[in-house]
Amino acid sequence: MSEEFKPKILIFSTDFISDLAIDLTGLLHRHYPATTSIIRVPCSSMIRPDIILYAFQCGFDGVFVAADGTDCPFLKDCSDRTAKRIAEAVELLKKHGIEPERLKMSAICSVCVEPFLKHIHDLYEKVKKLGPVKKKTE
């Protein structure tokens, strides 16, 4: 009898914006899948496409970028830069045979507990249906 697939999700969270919402989620005793890991970054625009690919190569089944949106304290064009990097990451994932549906980005404000939970649960369920990342054979 095989074990049920429980996707591993990596969340990139920003120090001053989305990380506060994730912390608040815990303080309110709201739950998201235990198979998630969080990496804090100063600004979502610094998450390079190759780092996203590397997360999948290291065994993660899904990646969520909790972006700063227009509230970034570092860059006025953070949203545009992050969106461009995510678009580049989608192309890189396709090139490596990884479904782009495994990657999601959304702006999460410091009090956006419900939207954060919805995004994580939706990504988890989507990735669960897709199954584990298939290793590309060369």
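Observations on the structure shown:
- Some residue of region 99-107 being of a type in the set (A, V, I, L, M), at pLDDT below 95 and surrounded by fewer than 16 Cβ atoms within 10 Å (Cβ to Cβ): no
- When Ala87 is tested against (1) over 13 Å from the mean Cα position of the chain (by Cα); (2) within 21 Å of Ala21 (Cα to Cα); (3) loosely packed, with under 15 Cβ neighbours inside 10 Å, exactly one condition is not met: (2).
- Within region 1-37, considering residues that are small (Gly, Ala, Ser) and out of contact with any Phe, Trp or Tyr (no Cβ under 6 Å at 6 or more places or on another chain), the one modelled with the highest pLDDT: Ser37
- Scan of region 108-127 for residues that are hydroxyl-bearing (Ser, Thr, Tyr) and modelled with pLDDT under 95, ordered by number: Ser110
The values are calculated or read from the model by the stated rules, or taken from the named source; none is laboratory data. Quick caveat: nothing in here was measured; it's all calculated off a predicted structure. Counting neighbours? That spans all protein chains shown, and the Cβs are built from the backbone with ideal geometry, glycine included.
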